[in-house]
Amino acid sequence: MSTIATPTAIEPRRRAVVQVSALQYPEFRRYFIGQAVSLVGTWMQSVAGAWLVLQLSHNSALALALFGAFSYGPVLIFGLYAGTLVDRFAHRDVLLLTQFVSLAGAALYAGLTATHIITLPIVLLLAAALGVNQALYFPARQATVLEMVGRGELVSAVALNSIAFNLARIVGPALGGIVIATLGVAACFWINAITYLGVIAALLTIRRRPLTAGPPQTALQLIAEAFRYVAQTPALAGLFALLFVAGTFGANFNLVLPLFTRIVLHANADTLGYLFAAQGVGSLVGALTMTFAGSFLLEPRRIVMGALLFAGMELLFLVIPDFTQAVLLLLVIGWSFAVYSIGTNTFVQLRSPDRMQGRMVSLYSMLFIGVTPIGNVFAAIVAHFLGPSAAVWLGGALTALAGLAVLVFFLSRSD
């Protein structure tokens, strides 16, 4: 008889130790290891992609903004529809499909770059295709993780995934910068393609779960149902509103840091890697913080306080920092934004019915990641006229205003 633990649908309990209990489930443990390796390659490709665009466009902020728009725009455009697909099909199968597509995309990037066929229009087309894939990936991944561990261990699973993500955020950009400097941009894409093999192998060992089906509905009806649920849940409505502002205006480091590195610091790819890594170290500490105090911090007003700290640190870019000062600011920015985003992500999943997981996570992804094109255009315009530092502090100011408004809304409610 199998001795594999079966997840239970219970509410998360407070723990006095680091929450690693999700690792008791063999399926999640295999997936976690494969995903941790794959994320390093993903971050290497992120740095390589931005650097490639700057090379092809001769340091154009507009080109970098377009790259972000083509990469993340599909999440905004197709996100909710993708969520309805995830809610209709086996979550593991959808996730597995996205990983095969990501592997193929990385290999295509590598081949075209190595043969010098790559051009900026080709980069944008590939980014758009992989962006559509990402729209499916985000809800499929989180819904699959919930199936593997259950609601009772979701806080643990999200914290562990965040630790892996942020460890990769430290290692990946630094490795990416070194690889670009020594072996070239194409090598980063090849390495990323190879790293997908582990997570694909892990997913092939995960069994399909039966879907929690509701009444038959069209895609539009399913989307409308999700919006009604958010409107009837004030805590979700407030957090989603803040997430839209923070995701759009406050979290544009994929565009700002490359520009800050080249224009303000007059430095190269290795320096860019260190800046991304500094933010990653802060985010890792934030993820570890959530493993210790996640239950305490999973309260809407406390989640908002994390966003306000993040915004306050961005406002310090009013004084244009040098490299050391930028590293210190990015450490705190990484910590506060990790606490805020992990808290919001976990709260959304815990407050969402099983049959809506795909749609609710898609809505989170749209407001957190899908708005990146809008934010990149904003940041590019501000960086062009006022400099990269201004793009950071102005985004922080807007996030602070939104955070204060949402905090007042929560404090005014008796429930």
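The values are calculated or read from the model by the stated rules, or taken from the named source; none is laboratory data. Quick caveat: nothing in here was measured; it's all calculated off a predicted structure. Note that each Cβ is placed from the backbone with ideal geometry, even for glycine, and that neighbours are counted across all protein chains shown.
Just to be sure, is residue 392 touching an Asp or Glu at 6+ places or on another chain (Cβ under 7 Å) and either modelled with pLDDT under 90 or surrounded by 24 or more Cβ atoms within 10 Å (Cβ to Cβ) (or both)? Criteria met by residue 392. Taking residue 86 as the residue in question, decide whether it is surrounded by 22 or more Cβ atoms within 10 Å (Cβ to Cβ) and either β-branched (Val, Ile, Thr) or at pLDDT 95 or above (or both). Taking the combined requirement at face value, the residue satisfies it.
Could you say whether any residue in region 214-221 is in a loop (DSSP other than H, G, I, E, B), within 22 Å of residue 95 (Cβ to Cβ) and either in contact (Cβ under 8 Å) with a residue 12 or more places away in the chain or in contact with an Asp or Glu (Cβ under 6 Å, 6 or more places away or on another chain) (or both)? Yes: one or more hits.
Look at (1) more than 21 Å from the chain's Cα centre (by Cα); (2) outside any helix (DSSP H, G or I); (3) crowded, with 22+ Cβ neighbours inside 10 Å and you find that residue 383 fails only one, number (2). Residues that are buried (at least 22 other Cβ atoms within 10 Å of the Cβ) and in contact with a Gly (Cβ under 8 Å, 6 or more places away or on another chain) do occur in region 344-351, at least one of them. Among residues of region 271-284 that are within 16 Å of residue 180 (Cα to Cα), none has a beta-carbon under 6 Å from a residue that is surrounded by 24 or more Cβ atoms within 10 Å (Cβ to Cβ) and among the charged types (D, E, K, R) at least six positions away or on a different chain. Identify the single condition in (1) assigned to a helix (DSSP H, G or I); (2) touching a residue at least 60 places away in the same chain (Cβ under 8 Å); (3) surrounded by 19 or more Cβ atoms within 10 Å (Cβ to Cβ) that residue 118 does not satisfy, given that it satisfies every other one. Here residue 118 clears every test but (1).
In this structure, residue 246 does not satisfy being among the small types (Gly, Ala, Ser), surrounded by fewer than 24 Cβ atoms within 10 Å (Cβ to Cβ) and over 11 Å from residue 47 (Cα atoms). A count restricted to region 147-161 and to residues that are surrounded by fewer than 23 Cβ atoms within 10 Å (Cβ to Cβ) and within 12 Å of the chain's Cα centre (by Cα) stands at 0.
Scanning region 315-340 for residues that are within 15 Å of residue 388 (Cα to Cα) and under 19 Å from the mean Cα position of the chain (by Cα) gives a single hit, 330. When 46, 38 are screened for being assigned to a helix (DSSP H, G or I), surrounded by 22 or more Cβ atoms within 10 Å (Cβ to Cβ), hydroxyl-bearing (Ser, Thr, Tyr) and in contact (Cβ under 8 Å) with a residue 60 or more places away in the chain, only 38 passes.
Candidates are the residues of region 295-343 that are farther than 18 Å from residue 397 by Cα and of a type in the set (Asp, Glu); the one that is surrounded by the fewest Cβ atoms within 10 Å (Cβ to Cβ) is 322. The set of residues in region 299-347 being closer than 24 Å to residue 271 by Cα and not in a helix (DSSP H, G or I) consists of 319, 320, 321, 322. Selection of region 222-233 for residues being farther than 15 Å from residue 358 by Cα and either in a loop (DSSP other than H, G, I, E, B) or touching a Leu at 6+ places or on another chain (Cβ under 6 Å) (or both) yields 232, 233.
Remark: residue 103 falls outside the filter, which requires a residue to be without any contact (Cβ under 8 Å) to a residue 40 or more places away in the chain and either surrounded by 22 or more Cβ atoms within 10 Å (Cβ to Cβ) or in a helix (DSSP H, G or I) (or both).
The rows are residues; the columns are (1) within 27 Å of residue 261 (Cβ to Cβ); (2) at pLDDT below 85.
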{"position": "295", "(1), (2)": "no, yes"}
{"position": "304", "(1), (2)": "no, no"}
{"position": "313", "(1), (2)": "yes, no"}
{"position": "357", "(1), (2)": "no, yes"}
{"position": "363", "(1), (2)": "no, no"}
{"position": "372", "(1), (2)": "yes, yes"}
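Results for (1) within 21 Å of residue 380 (Cβ to Cβ); (2) not acidic (Asp, Glu), shown as yes or no for each residue.
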position	(1), (2)
42	no, yes
45	no, yes
56	yes, yes
75	yes, yes
87	no, no
